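Beneath this line is the structure, given in structure tokens, with notes to follow.
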Amino acid sequence: MADSQTQSREGNKEEKAGPSSPVRIALFGVVLAVGLVWGGKALFHSFSYVETDNAQIEGNIYPVIPRVAGKVSEVRAKDNQAVAKGDTLVVLDPSDYQVRRDIAEAALMTAKSQAAAAEATERKLGADLQRSRNLERQDVISKAELDAASAGATASSAQHAAAGNQIKLREAELRNAGLQLSWTAITAPAAGRVSKKAVEPGQYVTPGQQLIAIVGSGELWVVANFKETQLEHVRPGQPVTISVDAWPGKEFKGHVESISAGTGARFTLLPPDNASGNFVKVAQRVPVKIVFDRRPSEHLAAGMNVIVEVKVK
């Protein structure tokens, strides 16, 4: 009786296991087929594309710097504000430069008055010299008196020329004073967006000090740092697929524009010196410039991380 029950249970197990075996085989076959398809695509992709996530969006960044020193009286720029080329961003107190311009104007007027006086003196002494020559021919005056008249005329001509040079000098000084006064209004060097604003009213600034950075709105591109072992088949003009971390699921199209003539390490502050005896071979990264085929309508910012795939075959 026990044996019959055991046989009955084993028979039931076989009946249950029997139908499930083809299901397992079918599932295994499906998984294997999917794996082969996926693996094939991945293998084909690896032969046709080179990829890196060591890439960022770049753009032109223009520094806004003063050309003259002064106290900031007004800041018209705001963070992330869109500006056009020539817009006034910062105004310095112009009082000192207005005084310098006024002094230069007065100096020019004085030089012109002196030149007019020198010209009049030159005309008079020139006429005196002509009369003296006539009188000397008539033996009315001596040769010494004629020489004195000639020397006076020559000296007056030199003074007139010097006065003319002074006018040129004062005009140059006035133009310089006018330029310095105009530089108290600091303008945008290009169209773009205000970034990294580091200036406030009341601050004293000096020439060369960066007050604002403007990220240009004219063009954005991608710099991808490929390993040197990936560049065998990379050429300018090849199509590129660009994926931006800020826009998941969206792809942008571009192409390779150029390949850098040096590795990134070569342009660092302290480039590696392989002749120093401590050489360790490391795969170097080579910057590759990639441009968009069309200007993206989505908001992209310089410094955003991207993933690029270059179609090499």
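The values are calculated or read from the model by the stated rules, or taken from the named source; none is laboratory data. Keep in mind it's a predicted model, so treat the numbers as computed, not measured. Counting neighbours? That spans all protein chains shown, and the Cβs are built from the backbone with ideal geometry, glycine included.
When Asp93, Asp102 are checked against the criterion of being modelled with pLDDT of 95 or more, more than 21 Å from Val194 (Cβ to Cβ), out of contact with any helix residue (DSSP H, G or I) (no Cβ under 9 Å at 6 or more places or on another chain) and not polar (S, T, N, Q), Asp93 stands alone in meeting it. Might you check whether a residue that is within 30 Å of Ala185 (Cα to Cα), at pLDDT 90 or above and part of a helix (DSSP H, G or I) occurs anywhere in segment 146-159? No, because not a single residue in segment 146-159 is within 30 Å of Ala185 (Cα to Cα), at pLDDT 90 or above and part of a helix (DSSP H, G or I). Hey, among the residues in segment 287-303 that are of a type in the set (A, V, I, L, M) and at pLDDT 95 or above, which one's farthest from Thr241 (Cα to Cα)? For segment 287-303, the residue satisfying everything is Val288. Here Arg266 fits the description: among the charged types (D, E, K, R) and assigned to a helix (DSSP H, G or I).
Against the list (1) in a strand (DSSP E or B); (2) among the β-branched types (Val, Ile, Thr); (3) farther than 30 Å from Glu74 by Cβ, the condition Ile186 fails is (3). Taken as a whole, the structure places Val140 among residues that are outside any helix (DSSP H, G or I), exposed (fewer than 14 other Cβ atoms within 10 Å of the Cβ), out of contact with any strand residue (DSSP E or B) (no Cβ under 7 Å at 6 or more places or on another chain) and of a type in the set (A, V, I, L, M, F, W, C). Using the structure shown, decide if Leu220 is of a type outside the set (Ser, Thr, Tyr) and under 30 Å from Ile186 (Cβ atoms). Answer is yes for this residue.
Of all residues in segment 236-261, those that are surrounded by 11 or more Cβ atoms within 10 Å (Cβ to Cβ), over 26 Å from the mean Cα position of the chain (by Cα) and not in a strand (DSSP E or B) total 2. For segment 292-307, the criterion of a residue being assigned to a strand (DSSP E or B) and farther than 29 Å from Val64 by Cα is satisfied by at least one position. Would a scan of segment 264-283 turn up a residue that is touching a residue at least 40 places away in the same chain (Cβ under 8 Å) and assigned by TED's automatic domain parsing to the domain that holds Asn54? For segment 264-283, residues touching a residue at least 40 places away in the same chain (Cβ under 8 Å) and assigned by TED's automatic domain parsing to the domain that holds Asn54: present.
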